[in-house]
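K.L.:
My questions will all concern the structure given below.
Throughout, read-outs are computed from the coordinates displayed, never taken from laboratory work. Worth saying up front: this structure is predicted, and the values here are computed from it rather than measured. Positions of Cβ are backbone-derived with ideal geometry, glycine not excepted, and every protein chain shown enters the neighbour counts.
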């Protein structure tokens, strides 16, 4: 296991996830189904593992199709783009008209489906593709990005909206943006 890839992936995705639409989805689900925290967390875990494993594999596969110089530019621009994208806050509509579910299995399936779909094309999925291309150990990237998602979303489920009130979300987005931009510049300069 490449611990560098694991820790960088976890940290980058945890920061990128703060205030992201999937974290807002976690908050909404926890508020709507307060007695189903474990089902929500389980759904987040399964959806993230599936989504990020595919994304990391795609990133790794891209490295076999593109020359190292071209890949370095693609990765650099991807990280810079994600960094800038993080400066734009996400919003999610409140699904007030949805039927209240009370069974853990239903909440688990709902969470898994919603999370998998919400993560499609999301900045954390794009980051996972870029990390999969940057590091050769797809398993470390997948475990790291999944860990990062869990680090950001489990507290959102457990303590709800109080979590985001402790630190202004703009600060979290700014820190994540700076991190991605720094990785983009470092990748461009040092490959």
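K.L.:
How would you rank 187, 142, going from fewest to most other Cβ atoms within 10 Å of each one's own Cβ? Mind dumping the intermediate values first?
P.N.:
Numbers: 187 22, 142 26.
Taking fewest neighbouring Cβ atoms as first place, the list is 187, 142.
K.L.:
What list do you get for 73, 85, 171 if you sort them by fewest beta carbons within 10 Å? Walk me through the numbers before you get to the answer.
P.N.:
Working: 73 13, 85 18, 171 10.
Ascending Cβ contact count within 10 Å gives the list 171, 73, 85.
K.L.:
Here's something else I'd like to know. Stretch residue 178-residue 151 to full length: gain in nm at 0.36 nm per residue minus the Cα-Cα span?
P.N.:
Values: separation 27, 0.36 × 27 = 9.72 nm, distance 1.94 nm.
Full extension of this stretch gives 7.8 nm more.
K.L.:
Another one. Using Cβ contacts closer than 10 Å as the measure, can you line up 3, 79 from fewest to most? Write down the numbers at each step before the final one.
P.N.:
Values: 3 10, 79 26.
Starting with the residue having the fewest Cβ neighbours, the order is 3, 79.
K.L.:
How far, in nm, would the chain grow between residue 188 and residue 74 when pulled straight, counting 0.36 nm per residue and subtracting the alpha carbon separation? Intermediate results must be reported in sequence, preceding the final value.
P.N.:
Details: separation 114, 0.36 × 114 = 41.04 nm, distance 0.91 nm.
That works out to 40.1 nm of additional length.
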